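> The structure under discussion is supplied below as structure tokens; questions concerning it will follow.
The values are calculated or read from the model by the stated rules, or taken from the named source; none is laboratory data. Small disclaimer: the values here were computed from a predicted structure and weren't measured. Virtual Cβ from ideal backbone geometry, glycine too; neighbours counted across all protein chains shown.
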């Protein structure tokens, strides 16, 4: 990745995150604000940049892989919600949520790969 690509990803991703935060903070409806707080800025920027530099085929592979990360995001959100309710500690809840995101996404990826192997289908990712 060139420095130009890196800076462009940083800029676009930063703007997407900033706009999502502004929407979540300014909207009068907390639930709608929460929806914007979960905007998939990293995935959008990754697909955009790979699509521009390497074409739709590679962008499609990034989008397919992001399914595991997004599923991990759902696991993260549920973990943070319940951890906050149980502990009242936002930093511990976020730490547990981030750990559950990674473990959950990786576990789902591995399960999919094993199912495909068991049933004779080859997996690219």
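> Does residue 16 qualify as being part of a helix (DSSP H, G or I) and either over 18 Å from the mean Cα position of the chain (by Cα) or at positive phi (or both)? Steps first, answer last, please.
Details: part of a helix (DSSP H, G or I): yes; either over 18 Å from the mean Cα position of the chain (by Cα) or at positive phi (or both): no.
The answer is no for residue 16.
To keep it simple, each residue is scored yes or no on (1) assigned by TED's automatic domain parsing to the domain that holds residue 5; (2) in contact with a helix residue (DSSP H, G or I) (Cβ under 6 Å, 6 or more places away or on another chain); (3) more than 26 Å from residue 5 (Cβ to Cβ); (4) part of a helix (DSSP H, G or I).
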| site | (1), (2), (3), (4) |
| --- | --- |
| 20 | yes, yes, no, yes |
| 23 | yes, yes, yes, yes |
| 65 | no, no, no, yes |
| 71 | no, yes, yes, yes |
| 84 | no, yes, yes, yes |
| 99 | no, no, yes, yes |
| 108 | no, yes, yes, yes |
| 112 | no, no, yes, yes |
